[in-house]
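Asks: Before I ask anything, let me first share the structure, which is written out below as C-alpha cells.
The values are calculated or read from the model by the stated rules, or taken from the named source; none is laboratory data. Owing to the predicted nature of the structure, the values given are computational and were not obtained by experimental measurement. Quick reminder, even Gly has a Cβ in these numbers, built from the backbone with ideal geometry, and neighbours come from all protein chains shown. Surface areas here come from the heavy atoms of the whole protein model, side chains and all, with no ligands, DNA or RNA. Shrake-Rupley method; radii C 1.70, N 1.55, O 1.52, S 1.80 Å.
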Amino acid sequence: GVLADDRSERVSVAAIDRGITVRGDPVLLARVLHNLVSNATKYAGEGAMVSIGCRREGDSTLLWVEDTGPGLPSDLVDAVF
C-alpha cells in the first residue's frame, strides 16, 4: 500500500461488508482512516502486518485498523485515549 511503501509493513483489507453506507464528511473520514493506517504502519515495527476492515453491527458500522505490533505500553493508554 502507499502508506507502507517505505517500510516492511504490509497493509491488507481484512473484512469488508458490502453495501455499507457511512454518513459523514468524506474529507474528515478519509483523514481519520489515513491517520489510523499511518500510525499503525509507523509504530507497529519492522515487518508488521496492518489490517483494515469494517462491518455492520446493528444500526452502526464498525471500522477498525489493527496491527501485529507490540501495542501501547499500559502506562501510556490513558494519555493517548
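Asks: Can you confirm whether Leu63 is open to solvent by 70 Å² or more (accessible area, probe 1.4 Å), of a type outside the set (Val, Ile, Thr) and at pLDDT below 85?
Replies: In short, no.
Asks: OK, next. Consider only pairs whose beta carbons are under 9 Å apart and that are at least six residues apart or on different chains; among these, list those whose first residue lies in region 57-78 and is touching a residue at least 12 places away in the same chain (Cβ under 8 Å) and whose second residue is open to solvent by 90 Å² or more (accessible area, probe 1.4 Å) and part of a loop (DSSP other than H, G, I, E, B).
Replies: Thr61/Thr21
Asks: Using beta carbons and a limit of 7 Å, which pairs, at least six apart or on different chains, have the first residue in region 1-30 and closer than 30 Å to Gly47 by Cβ and the second one at pLDDT below 70 and outside any strand (DSSP E or B)?
Replies: The qualifying pairs are Arg10/Ala4; Val11/Gly1; Val11/Leu3; Val11/Ala4.
Asks: I would also like to ask the following. Quick test for you: out of Glu66, Glu46, pick the one residue that is out of contact with any Lys or Arg (no Cβ under 7 Å at 6 or more places or on another chain) and not in a loop (DSSP other than H, G, I, E, B). Walk me through it before giving the result.
Replies: Values: Glu46 fails: not in a loop (DSSP other than H, G, I, E, B).
It is Glu66.
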